[in-house]
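Peer 1: Before anything else, here's the structure in question.
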Amino acid sequence: MDKNKLQSEAATLKLFFESYCEGNSHAKRLVRDFTCRHRDFECTMQVELCDECVAMVGYAIERLEKCPYEEKPKCRKCKEPCYEKSMWKKTAKVMRYSGMRLGLLKAKRAALKIFGM
Ligand SMILES: [Zn+2]
């Protein structure tokens, strides 16, 4: 996975988790810096999320950073899924919720690309 791809996938996760967090009126949403690293590069972005959602997006981005595949397969079709089952269920819920809420074709396509939903 190259830098641009990681950045765009991380941005998609940010968009979906922020939409979920905001849409469900989670308490104590804070703006925080978030850094993702992969091999020799890193990028920092800002996320506005509650504690629980920031932990979930952190988990998702960590899986992304550690994905061993050059061409990342869709997570649902991966032969060696790296998500724990409970986290996968939670993440899938966020993706479905925000996919509907955002209703953006572009966002849906992006989620489809990452997760195969
Ligand atoms: Zn939240």
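Each value in this text was obtained by applying a stated rule to the coordinates, not by laboratory testing. None of these values were measured; they are calculated from a predicted model. As a convention, Cβ positions derive from the backbone with ideal geometry for all residues, glycine included, and neighbour counts pool all protein chains shown.
Peer 1: Within the range 46-105, count every residue that is more than 13 Å from residue 21 (Cα to Cα) and in contact with a His (Cβ under 7 Å, 6 or more places away or on another chain).
Peer 2: 1
Peer 1: Being aliphatic (A, V, I, L, M) and away from the ligand (no atom under 12 Å from the Cβ) is the filter; apply it to the range 34-62 and report the residue that is surrounded by the fewest Cβ atoms within 10 Å (Cβ to Cβ).
Peer 2: Top of the filtered list is 45.
Peer 1: Go through the range 51-78 and give me each residue that's in contact with a Lys or Arg (Cβ under 9 Å, 6 or more places away or on another chain), touching a residue at least 24 places away in the same chain (Cβ under 8 Å) and more than 18 Å from residue 92 (Cα to Cα).
Peer 2: The one that is in contact with a Lys or Arg (Cβ under 9 Å, 6 or more places away or on another chain), touching a residue at least 24 places away in the same chain (Cβ under 8 Å) and more than 18 Å from residue 92 (Cα to Cα): 65.
Peer 1: I'm told residue 79 meets every condition in (1) more than 25 Å from residue 41 (Cβ to Cβ); (2) in a helix (DSSP H, G or I); (3) of a type in the set (D, E, K, R) except one. Can you identify the failing condition by its number?
Peer 2: (2) is the only condition that residue 79 fails.
Peer 1: Count, please, the residues in the range 1-20 that happen to be in a helix (DSSP H, G or I), free of Cβ contacts under 8 Å to residues at least 60 places away in the same chain and either more than 10 Å from the ligand (Cβ to nearest atom) or over 13 Å from the mean Cα position of the chain (by Cα) (or both).
Peer 2: 7
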